[in-house]
Amino acid sequence: MAPVNTQLNNVQENVKNVIHDLFQVMTQVSHYDSAGRPSRESLAQDLQTLDSSLQAVYRAAEALPPPPLESDNPKTTPSSSSATNQSAGYTGIPLPLIQYVEDGRNPDIYTREFVELVRRMNQLAKGKVYAFRNFRDVLAHEMDSALPELGEDVRRVLQSTGG
């Protein structure tokens with residue numbers, strides 16, 4: 001099996017060919033003269049070329065390895081739909097976002113909900129860090145009071161943990 005980069009480069013090159021062929025068809029259609037035979041034959045030839053280019057893209061895309069499965073934390077997706085498009089190749093766009101758009105929803109809303117979710121998670125993590133720092137300080141003070149012989153060890157632990 002060839003490296004993924006080579007396969008992706010093949011697909012990319014085939015897509016470039018399709019775009020070029022579409023441009024050629026667009027040019028032929030805009031200059032189409034219904035009375036002139038050469039333009040009809042030329043348009044038919046360009047459409048056949050476009051068809052073969054699309055088939056090449058399809059074959060090259062089928063040769064790609066399957067995308068990595070997204071079995072991460074499902075709580076991070078604002079979409080309530082659990083269906084994912086497993087046949088789509090990996091594009092660097094999160095699969096939950098693709099599903100969100102396929103369900104007819106606005107991607108800006110997805111982004112806003114995702115940012116809000118991350119903000120809440122960061123706020124929760126910050127609260128936990130603050131609580132553990134306070135717990136560390138209270139525990140150190142109580143241990144120093146109750147067990148003065150461990151005072152040096154308590155201060156060393158406090159210093160090494162940023163307290």
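Structure summary
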{"item": "Filtered residue count, region 101-133, keeping only those that are under 30 Å from Gly163 (Cβ atoms) and loosely packed, with under 11 Cβ neighbours inside 10 Å", "result": "12"}
{"item": "Test for Arg156: is it in contact with a helix residue (DSSP H, G or I) (Cβ under 8 Å, 6 or more places away or on another chain) and among the charged types (D, E, K, R)", "result": "no"}
{"item": "Candidate set from region 1-39 (those that are more than 21 Å from Ser52 (Cα to Cα) and of a type in the set (A, V, I, L, M)); member that is modelled with the highest pLDDT", "result": "Ala35"}
{"item": "Answer from Gly89, Gly104 - the residue that is at pLDDT below 95, farther than 24 Å from Pro65 by Cα and not in a helix (DSSP H, G or I)", "result": "Gly104"}
{"item": "Any chance Pro68 is part of a helix (DSSP H, G or I), open to solvent by 50 Å² or more (accessible area, probe 1.4 Å) and modelled with pLDDT under 85", "result": "no"}
{"item": "Meets criteria (among the β-branched types (Val, Ile, Thr), under 30 Å from Thr27 (Cβ atoms) and at pLDDT 85 or above) for Val138", "result": "no"}
{"item": "Meets criteria (at negative phi, at pLDDT 80 or above and in contact with a helix residue (DSSP H, G or I) (Cβ under 6 Å, 6 or more places away or on another chain)) for Thr77", "result": "no"}
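Every residue, every condition in (1) closer than 30 Å to Val57 by Cα; (2) among the hydrophobic types (A, V, I, L, M, F, W, C); (3) not in a helix (DSSP H, G or I), yes or no:
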site: Pro96; (1), (2), (3): yes, no, no
site: Ile109; (1), (2), (3): no, yes, no
site: Asn122; (1), (2), (3): no, no, no
site: Gly127; (1), (2), (3): no, no, no
site: Phe135; (1), (2), (3): no, yes, no
site: His141; (1), (2), (3): no, no, no
site: Leu158; (1), (2), (3): no, yes, no
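The values are calculated or read from the model by the stated rules, or taken from the named source; none is laboratory data. As the structure is a prediction and not an experimental result, all values here were calculated from the model. Glycine gets a Cβ as well: all are built from the backbone with ideal geometry, and neighbour counts include every protein chain shown. For accessibility, only protein heavy atoms count, side chains too; no ligands or nucleic acids. Shrake-Rupley method; radii C 1.70, N 1.55, O 1.52, S 1.80 Å.
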